[in-house]
Amino acid sequence: MNALGLVSMRLCAGLMGHWSAVNLPFLRVSSGMTLSQIDEEVAKLLQFKAQLGGDEGKHVFVLKTAKGTRDYNPKQMAIREKVFNIIISCFKRHGAETIDTPVFELKETLTGKYGEDSKLIYDLKDQGGELLSLRYDLTVPFARYLAMNKITNIKRYHIAKVYRRDNPAMTRGRYREFYQCDFDIAGQYDAMIPDAECLKIVYEILNELDLGDFHIKVNDRRILDGMFAVCGVPDEKFRTICSTVDKLDKMAWEDVKKEMVNEKGLSEDVANRIGEYVSMQGGQDLAEQLLQDPKLSQNKQACAGLTDMKLLFSYLELFQVTDKVVFDLSLARGLDYYTGVIYEAILSQTIPAPAEQNGADEAAVSVGSVAGGGRYDGLVGMFDPKGRKVPCVGVSIGIERIFSIMEQKAETSSEKVRTTETQVLVASAQKNLLEERLKLTSELWNTGIKAEVLYKKNPKLLSQLQHCEETGIPLVAILGEQELKDGVVKLRNVASREEVDVPRADLVDEIKKRTL
Amino acid sequence: MNALGLVSTRLCAGLMCRRSAVNLSSLRFSSGMTLSHIDEEVAKLLQLKAQLGGDEGKHVFVLKTAKGTRDYNPKQMAIREKVFNIIISCFKRHGAETIDSPVFELKETLTGKYGEDSKLIYDLKDQGGELLSLRYDLTVPFARYLAMNKITNIKRYHIAKVYRRDNPAMTRGRYREFYQCDFDIAGQYDAMIPDAECLKIVYEILNELDLGDFRIKVNDRRILDGMFAVCGVPDEKFRTICSTVDKLDKMAWEDVKKEMVNEKGLSEDVADRIGEYVSMQGGQDLAERLLQDPKLSQNKQACAGLTDMKLLFSYLELFQVTDKVVFDLSLARGLDYYTGVIYEAILSQTIPALVSTPAEQNGADEAGVSVGSVAGGGRYDGKCPVWVSALGLRGSFPSWSRRPSHVIPE
């Protein structure tokens, strides 16, 4: 160390009748360990702070969740469960396994992987053990998992919450704790087949979620890079021009061009050339057309990308999804770690979101975007001690966005969202029938019927019916003295109020029939 | 403020060719804010630390999960899914809803509720915003949720991971991140009906999970307290004698008695009287018999508890679960929080741990929980909604554990 640090601290504190003798010796720091001494001083200061009564000096039990987080109430959980079931069924249909990882990782695992986003990571307090941070996405844990277990081939999905300390001023309405839903295929395979399956999965999920019309844009990093090269963009400006092109989903070409020329320093000619390419959209035909393009065909990268794009579309044709997939040269999302094909799924009809419901839109994702992904062959190698490469292609479903949309749909729909699945309430109109009610309820449970009974010895029939109406229970099984003598149960349809006497022995079947 | 604090800090640092002019002016404090100054000084010191290159001065990439945590591989996930499906089907069969809450809470929400356990809470770093901590259980979030939403009646289950910074030296093999599975019925209802349903749910789940034979012990705090009173235990020793009685599932009566007499200061007579009661087990018949007991019948608390125990067993009879439920006067778990009935489910056959190293497979046994215990709960009636907590499942298979219930904040 060239220069020496001098740290001197003297601390005496006595406060509010609390005597705390915290006298720190004078410290001189020389070459060698200064870090632990700094830790010590910090600890002492924080201890002093605590003695002063913490941040507020008072303990008020505040009834709120942390900023950027929220509880899920039963209605939201019911919607969430429905969405997960659809998505997970699709993953399973395609033979995917699932894993789970801890909510926090060693800080060093996460550091350095996120570039300018690392200030958005939640750190855990240094409490004397390992330095930890909350996971920021599911991709780094995945890469660590593969490297740790020396896995070279896996098809896995992972649905879990991740954490980002977004600056509220910049990102109003953004949650700091939100779900991510990732699907990835890792392994060395023949070109474009797994990539095509990823797109087929996105297509299936969006269809089944019934969110209206959508389309999936695809592009390729090599095509973009090749295009920039033949247009005359200097190498070192590739990434920055890329992020400008990415704005085409939100800004008109005129403004995007302005940014390229005025802010990023491209000549107008170069910008115009880019403009011609990025306005192109099509399918397999466009890929073929560009392979004939005099300039692009001279660029090796672009050719590789275009050849693969042709191949991809031929598979997508076989998978019958080309009606919604478009090769779009303006797609430039998230290119930092993608190495090949990239794609983004966009809902055609954007249901406007109210202020509270803005979910967790990813940075730079256009409104209406519900899924995105691509091929990233270099990430796992970064984690592996020997640098072994494991090629990966995957997709992240924008599940918070989807929750938002489904919640809004539920609010505007006349159909109520049920928070329970109860099929029948066991009730009685007369007094002193608690035992009979409990007995019947237990019999129903024993056969797997979802049943409830009020926790009241002598409830009024009206309150029992009201409970059914409030929670959406479709049937009531009413017991009475006469019915018990006759060996029947009065089965009532809550909505239609129709009643029928059912022999006790047939009750289970009748309930099953009516509540398919 | 009576005395004034004087804090003086001077910091100059220049290091490793990087010049950081961090000259702090001398600070003198008077009555009023000193906290922000402290924050400032801490921040400057940490900045210096960062400039010095962090904790190690080198970046070695370590391929491991954090201590006390683990990944779930696809096989484990398949098992986990199977277990959750069985448990959740059961909850749904009984008309329960579910909620979810954030993984961290405001530190102040968690502070003060856990007594000596508060040093086991994971705090988040003070990064300039609210002070946060990872949730320690699902009970405090539940209480906060009820209070925030002014809910007085709910039947809810919540399955999620919780976080405890257990000291590895004390608790080898314990996970720091582990699942809890809670089921609670909150609300004012006629006596013992929801309590009986909780036990029916535990019974159904354990049957369907096919873990072999099990039994559910039930007792009641009022019966225990009444029993201690009539045996001659001084009031102030109730809680401590209780925790000694709780050891009967692991220790022989002789040793438990020794602890009561030698360590806790009871006379031998009193200990012997306790010994007669805590050896009793039975069903509705035992409750009836004890209601006739000359001493216990004079104690109001014990009578209330015993009357409810009779009622509970009549409902358990209707629910057809009495074959596995036993009224056991030696059950004394978690009595800090429970106010009425308490119960614990125990597997008869303990499946030995699968792997040699406890570190990997021993799940997350709570301290003091007998091996074989798979669920536990009880009734808490605070100033708020009444709670009946049915279930606490933890950790990996086959080792489970119970969870303590916690006091609802007012």
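Could you tally the net charge around B:Leu306, taking each other residue with its Cβ under 10 Å from the Cβ of B:Leu306, Lys/Arg +1 and Asp/Glu -1? Each step should come with its number before you reach the end.
Details: positive: B:Arg222, B:Arg289, B:Lys310; negative: B:Asp220, B:Glu288, B:Asp293, B:Asp308.
Cβ neighbours under 10 Å give a net charge of -1.
Given a Förster distance of 60 Å, report the FRET efficiency between A:Glu81 and B:Asp285 from their Cβ-Cβ distance, rounded to the nearest 0.05.
E(calc), rounded to 0.05, equals 0.85.
Is the C-alpha gyration tensor of the range A:375-516 telling us rounded, prolate or oblate? Criteria: a/c under 1.5 is rounded; beyond that, a/b larger than b/c is prolate, otherwise oblate. Before the final figure, lay out each step's value.
Details: a/c = 3.69, a/b = 2.66, b/c = 1.39.
It comes out prolate by the Cα gyration axes.
Round to the nearest 0.05 the FRET efficiency obtained for B:Asp336 and B:Gln298 when R0 = 25 Å and r is the Cβ-Cβ distance.
0.40
Considering only Cα-Cα distances, which of the following residue pairs are longer than 22 Å: B:Lys64/B:Lys107; B:Lys150/B:Lys217; A:Lys416/B:Lys200; A:Lys67/A:Lys125; A:Lys456/B:Lys300; A:Lys450/B:Lys200? Write out the running numbers ahead of the final one.
Numbers: B:Lys64/B:Lys107 28 Å; B:Lys150/B:Lys217 34 Å; A:Lys416/B:Lys200 30 Å; A:Lys67/A:Lys125 18 Å; A:Lys456/B:Lys300 25 Å; A:Lys450/B:Lys200 14 Å.
Over 22 Å apart, Cα to Cα: B:Lys64/B:Lys107; B:Lys150/B:Lys217; A:Lys416/B:Lys200; A:Lys456/B:Lys300.
Which net charge results for the neighbourhood of A:Phe104, defined as the other residues with beta-carbon distances under 10 angstrom from its beta-carbon, given Lys and Arg at +1 and Asp and Glu at -1?
Working: positive: A:Lys107, A:Arg135, B:Arg176; negative: A:Glu105, A:Asp123, A:Glu130, B:Glu177.
Around A:Phe104, the charge tally is -1.
Which of the peptides B:150-157, A:271-278 is most tightly packed, and how do the rest follow, going by the mean number of other Cβ atoms within 10 Å of each residue?
A:271-278, B:150-157
If packing is taken as the mean number of other Cβ atoms within 10 Å per residue, what is the order of A:240-248, B:103-111, A:508-516, A:83-91, highest first? The partial results should precede the final answer.
Numbers: A:240-248: 19.7, B:103-111: 22.0, A:508-516: 13.6, A:83-91: 18.0.
Taking the mean over residues of other Cβ atoms within 10 Å, the ranking is B:103-111, A:240-248, A:83-91, A:508-516.
Determine the distance separating the Cα centre of the range B:218-264 from the Cα centre of the range A:265-344; give it in Å without decimals.
Rounded to whole Å, the Cα centres lie 77 Å apart.
Taking the Cα centre as origin and putting +1 on Lys and Arg beta-carbons and -1 on Asp and Glu beta-carbons, what dipole magnitude results for the range B:68-188, to the nearest 20 debye?
Working: 21 positive and 16 negative charges, 90 e Å.
Dipole size: approximately 440 debye.
Ignore the peptide's own chain and count Cβ atoms of other chains within 10 Å of each Cβ in A:436-444; give me the average, rounded.
That works out to 4 on average.
Would you list which aspartates and glutamates come within 17 Å of A:Lys386, measuring only between C-alpha atoms, while excluding same-chain residues fewer than 8 positions from it?
Counting by Cα, and skipping residues close in sequence, A:Lys386 has these aspartates and glutamates nearby: A:Asp377.
Which of the lysines could a cross-linker bridge to A:Lys264, judged by Cα under 25 Å and excluding same-chain residues fewer than eight apart?
A:Lys237, A:Lys247, A:Lys250, A:Lys295
Let me confirm one metric for peptide A:414-424, namely the mean number of other chain beta-carbon atoms within 10 Å of its residues' beta-carbons.
Numbers: counts 0, 0, 0, 0, 1, 7, 8, 7, 5, 2, 0.
The shielding value for this peptide is 3.
Suppose a student asked you for the relative contact order of the range A:424-514, using Cα pairs under 8 Å spaced at least 6 residues apart; what percent would you report? Write out the running numbers ahead of the final one.
Values: 140 pairs, mean separation 26.5, N = 91.
Relative contact order here is 29 percent.
Let me check I've understood the local charge: for B:Thr244, count other residues with C-beta under 11 angstrom from its C-beta, Lys and Arg +1, Asp and Glu -1. What total comes out?
Summing Lys and Arg as +1 and Asp and Glu as -1 gives +2.
Going by average Cβ density within 10 Å per residue, which order do the peptides A:317-326, A:156-165 take, highest to lowest?
A:156-165, A:317-326
Per residue of A:141-150, how many C-beta atoms from partner chains lie within 10 Å of its own C-beta, taken as a mean?
Per-residue shielding by partner chains comes out at 2.
Measuring from a point 7 Å past the Cα of A:Lys485 along Cα-to-C-beta, which residues in the range A:425-450 have an amide N at less than 17 Å?
Of the residues in the range A:425-450, A:429-433 have backbone N under 17 Å from the label point off A:Lys485.
Taking the alpha-carbon distance from A:Lys155 and a cut-off under 21 Å, which lysines remain once sequence neighbours fewer than 8 residues away in the same chain are dropped?
A:Lys92, A:Lys200, A:Lys389, B:Lys75, B:Lys82
Apply 1/(1 + (r/R0)^6) to the Cβ-Cβ distance of B:Asp255 and B:Phe84, taking R0 = 60 Å, and write down the FRET efficiency to the nearest 0.05.
In this case the efficiency is close to 0.95.
The numbers here are math on the coordinates, done by the rules we state, and not lab data. Everything quoted here is computed from the prediction, not taken from an experiment. Counting neighbours? That spans all protein chains shown, and the Cβs are built from the backbone with ideal geometry, glycine included.
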